[in-house]
1. Can you work out the Karplus-derived ³J(HN,Hα) for every residue in region 177-191? Use 6.51 cos²θ - 1.76 cosθ + 1.60 with θ = phi - 60°, whole Hz, and x for glycine or proline.
2. Hey, can you find the accessible area per residue of the chain for me, probe 1.4 Å, expressed in square angstrom?
3. Using DSSP to call loops (not H, G, I, E or B), can you name the GluC sites (Glu not before Pro) in region 129-173 whose Cβ has at most 13 other Cβ atoms within 10 angstrom?
4. Based on DSSP loop calls and a cut-off of at most 15 other Cβ atoms within 10 Å, the longest stretch of the chain free of exposed trypsin sites (Lys or Arg not before Pro) is what?
5. In µm²/s, what is D for region 124-236 at 37 °C and 0.692 mPa s, where D = kT/(6 pi eta Rh) by Stokes-Einstein and Rh is the Kirkwood radius from Cα pairs?
6. Could you please report the charge total around N90, scoring K, R as +1 and D, E as -1 over all other residues with beta-carbon less than 14 angstrom from its beta-carbon?
7. With a cap of 15 neighbouring Cβ atoms within 10 Å, and only residues DSSP puts in a loop, list the GluC sites (Glu not before Pro) found in region 1-95.
8. Would you please give the residues with an amide H less than 5 Å from that of V248, counting only those at least 5 places away or on a separate chain, with H modeled from the backbone geometry?
Amino acid sequence: MQELLAPIKSFLKCETPQAWIDEAIKPENLSIVLLDHLICELKAAQSAMYLIRKYAVDKESGDALLEWLKPFESFAYRKEGDWRELVKHNTLTKSMLPKSGTPYGQDLIDKMVLLIKEELHHFYQVLELMEVFDIHYENITSSRYAKGMIRNVTSYEPDTLIDKLIIGAYIEARSCERFAALAPHVDKRLGDFYISLLRSEARHYQDYLTLAEEIAGGDITGRIQRFGEIEAELISSNDFDFKFHSGVPV
Ligand SMILES: [Fe+2]
Ligand SMILES: [Fe+2]
């Protein structure tokens, strides 16, 4: 576990504040932690899918991708369907071919399709745990965290794509760090689940970073540093809205 976490901790510009951990392990906050975690898994799948659709595949492949996500979105946004059925829907029925003129297309597709599959599986696993702890699904608002980074994305390509990949790396790295921080303090069933997530989230962070570096084809240390500072500010400043990626609870 320490081996997995070492590169993540040096990538992040600050550790999760103790005050956030103290708040997150309060029994009365279990439902908000799990509900927000659930939605984060769906959003992770959605943003990866957006990147493939925008940058790597043609319309037909894009439509097949959207179909894959539909039952998960219907459940999350309209409470439609039985969540237990979702496990059967986590399949992409069509093979994805990169559209011409995108040298990085195949790598983006390969990494992101695997990531989406894993995030949707995590989504299902969070629902299983919510059942265990008798937490019912309800819609919640999203935190300031991802929006706070997206706001700083460059407005021209390919920098827009590179920035979004760097943001993806930060979100994955922070999630991984928080799962590890929470694991020893929560119910063993939940702690074991968090530990089981570390390996895939650590790989997701690495995949985003590798793609950003490949696509940039040059040094992006400065951009990574910039988003690292923005991310650290969102994590270490006061935040009135307690969520999985929120700042210091007020
Ligand atoms: Fe995940
Ligand atoms: Fe992930």
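1. These are the phi-based 3J(HN,Hα) values: 4, 6, 4, 5, 5, 7, 3, x, 9, 10, 3, 4, 5, 6, x Hz.
2. 47 Å²
3. Qualifying residues, ordered by number: E138.
4. 152-250
5. 209 µm²/s
6. Around N90, the charge tally is -3.
7. E15, E80
8. Under 5 Å from the amide H of V248: S237, N238, D239.
The values are calculated or read from the model by the stated rules, or taken from the named source; none is laboratory data. Note that the structure is a prediction, hence the values are computed from the model and not measured. Glycine gets a Cβ as well: all are built from the backbone with ideal geometry, and neighbour counts include every protein chain shown. Heavy atoms of the whole protein, side chains included, go into the accessibility calculation; ligands, DNA and RNA do not. Shrake-Rupley method; radii C 1.70, N 1.55, O 1.52, S 1.80 Å.
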